[in-house]
Amino acid sequence: MTAVVHGDDEHAHHPFLQHQFEDLGQQHEASILGMWMFLSTEILFFGGVLCAYWIYRVMYPQAWVLGGEQQNTLAGGINTIVLIISSLTMALAVRNAQLGSRRATVAMLIATLFFGSVFLGVKGFEYTMHWREGLFPGVHFTWHEVPELAPKVQLFMVFYWGLTGLHALHMVIGVGLLLWMIWRAWRGHFGPEYYGPVEVMGLYWHFVDIVWIFLFPFLYLIPHFGVHHG
Amino acid sequence: MADEHRNEHAAPHHITPLTTYIFVFVARAAGTLLTWFASTVDLGWMNTPIALVIATTKAALVILTWVVVIGSFVWLGVLFVLTFADYLTRFWAIY
C-alpha cells in the first residue's frame, strides 16, 4: 500500500529497486540482514566440524602434532596474508562503490579476484604435494613414518581435507560472485544510492577470510611442546 | 555500520575512512605474524589459548559490527561447552 503512495518517489524508478521494497534503503537493509542470517548458519556449519576436530585433538594430541608437521607452514602463512590483503581490497571495492567511483570499484574487485585466485593456486599446490606424499585419506593413504599413530594421523588428514576443502569451495563460489560483481560494476550498476550487492558480497568474502584465520592455526600451527611422539 | 541503516528513507551511506581499513589490515597482518611466532615458543599449556585469543581478536576486528551473528556464536558456545562437558569427563582416566 505504501509503495503506491510513494509511487512518484524518485527512488521508485530506480532500475534496481525490487517492487516489494518501499525504497532503496529498505531494500539495502533487507539484503544485508539476509546475508547476516546466512552467515550465522555458516558459523554453525563450520563450527560443528571444528567441534568434532577438537574432540579428536583432545583424544589424540600426538597424532595432531604429527599431522600439523606434515603441513607447509610457509604456504599456509603466505595464504593467510594473501587472504587478509584480499579482504582489504574487497573493503576498498565497497568503499569505492559507495563513493560512486566505477573504475576504482572494478579495479579493487579485480584485485580481490587476483588474490583469491592466488590463494586457490597455492592451495592446489599444497593438495598436489599431500597427494604425492600419500596424505589423502582412504586407500591412497600411505604415510607411515610413525606406524602406530598412522590411523590417527589419517583422521587428522580427514579434518584437514574436509575443512580446507569446504573453505576452498567457499572461495570458488566467492570467485564466481566476484566475476558477477565485476561485470555489474563495469556496466555502471553501482553508485552512492545502490551498492548493496557489493557490500553483501563483501560480507561473504570477509566471512570466508575469517574461517581461514581459524583454520590456519588449527591445522598448520599445532604446538608440540609437552606432547611426545615417535 | 549497522547503526547507520536506521534512516528509512535515504539509501544508507556511511563511508568508512580509508585509515580505518589500513589500520585493520596492518593489525591483522601483525596478528598473523604473532600467531606464527607464538606457535614456535614454548608457553606450556598456554600455546593453544593464545592462538585462539589472537584468531578471535583478528576475527573481531572484521566482524565488530555484525551484531546479528553474535546469536550464532552463543549457540556455538553451547555446542562446545556441552560437548566437552561430556567428552572431558567421559574418559577422565585417559587424559
Inset, instruction - Just need a number here: residues in region A:66-83 that are within 11 Å of chain B (Cβ to nearest Cβ) and either without any contact (Cβ under 8 Å) to a residue 12 or more places away in the chain or open to solvent by less than 10 Å² (accessible area, probe 1.4 Å) (or both). - result: 7
Inset, instruction - List the number of the failed condition for A:Val153; all other conditions in (1) touching a residue at least 24 places away in the same chain (Cβ under 8 Å); (2) more than 26 Å from A:Ile55 (Cα to Cα) hold. - result: (2)
Inset, instruction - Answer yes or no as to whether A:Val106 is more than 12 Å from chain B (Cβ to nearest Cβ) and either part of a loop (DSSP other than H, G, I, E, B) or free of Cβ contacts under 8 Å to residues at least 60 places away in the same chain (or both). - result: no
Legend entry - helices (runs of 4 or more DSSP H) contained in chain B and holding at least 1 residues under 30 Å from A:Tyr195 (Cα atoms) and at pLDDT below 75: B:47-63, B:70-90
Inset, instruction - From the list A:Gly162, A:Gly174, A:Gly196, pick out the single residue that is touching a helix residue (DSSP H, G or I) at 6+ places or on another chain (Cβ under 8 Å), at pLDDT below 95 and not hydroxyl-bearing (Ser, Thr, Tyr). - result: A:Gly196
Inset, instruction - All but one of (1) within 22 Å of the chain's Cα centre (by Cα); (2) over 26 Å from A:Ala52 (Cα atoms) hold for A:Arg132, so report the exception by its number. - result: (1)
Legend entry - Filter result (more than 8 Å from chain A (Cβ to nearest Cβ) and either loosely packed, with under 12 Cβ neighbours inside 10 Å or of a type in the set (Gly, Ala, Ser) (or both)) within region B:41-64: B:Val41, B:Pro49, B:Ala60, B:Leu64
Inset, instruction - Taking only region A:185-205 into account, find how many residues are more than 9 Å from chain B (Cβ to nearest Cβ) and more than 20 Å from A:Phe38 (Cβ to Cβ). - result: 7
Inset, instruction - Out of A:Val227, A:Val158, A:Val208, A:Val146, report the one residue that is surrounded by 20 or more Cβ atoms within 10 Å (Cβ to Cβ) and either over 27 Å from A:Met37 (Cβ atoms) or within 14 Å of chain B (Cβ to nearest Cβ) (or both). - result: A:Val208
Inset, instruction - Taking only region A:173-190 into account, find how many residues are open to solvent by less than 10 Å² (accessible area, probe 1.4 Å) and more than 27 Å from A:Leu219 (Cα to Cα). - result: 3
Inset, instruction - Write out, first by first residue and then by second, each pair whose Cβ atoms fall under 8 Å of each other, whose residues are 6+ apart or on separate chains, and whose first residue, in region A:132-146, is under 13 Å from A:Met157 (Cα atoms) while the second is assigned to a loop (DSSP other than H, G, I, E, B) and of a type in the set (A, V, I, L, M). - result: A:Phe141/A:Leu135; A:Trp143/A:Leu135
Inset, instruction - Would you check if there is a residue in region A:209-227 being over 15 Å from the mean Cα position of the chain (by Cα), among the small types (Gly, Ala, Ser) and under 26 Å from B:Met46 (Cβ atoms)? - result: yes
Inset, instruction - Return the residue satisfying two criteria in turn: it lies in region A:84-103 and is part of a helix (DSSP H, G or I) and among the hydroxyl-bearing types (Ser, Thr, Tyr), and of such residues it is nearest to the other protein chains (Cβ to nearest Cβ). - result: A:Ser87
Legend entry - Candidate set from region A:163-172 (those that are touching a residue at least 12 places away in the same chain (Cβ under 8 Å) and open to solvent by 30 Å² or more (accessible area, probe 1.4 Å)); member that is farthest from A:Arg102 (Cα to Cα): A:Leu166
Legend entry - Filter result for the condition that a residue is surrounded by 15 or more Cβ atoms within 10 Å (Cβ to Cβ), modelled with pLDDT under 90 and more than 9 Å from chain B (Cβ to nearest Cβ), over A:Ala63, A:Ala3, A:Ala12: A:Ala12
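The values are calculated or read from the model by the stated rules, or taken from the named source; none is laboratory data. In this text, all values refer to a predicted model and were calculated from it rather than measured experimentally. A quick note on method: Cβ atoms are made from the backbone with ideal geometry, for glycine too, and the neighbour counts reach across all protein chains shown. Quick note on the areas: whole protein, heavy atoms, side chains included, nothing else; ligands and nucleic acids left out. Shrake-Rupley method; radii C 1.70, N 1.55, O 1.52, S 1.80 Å.
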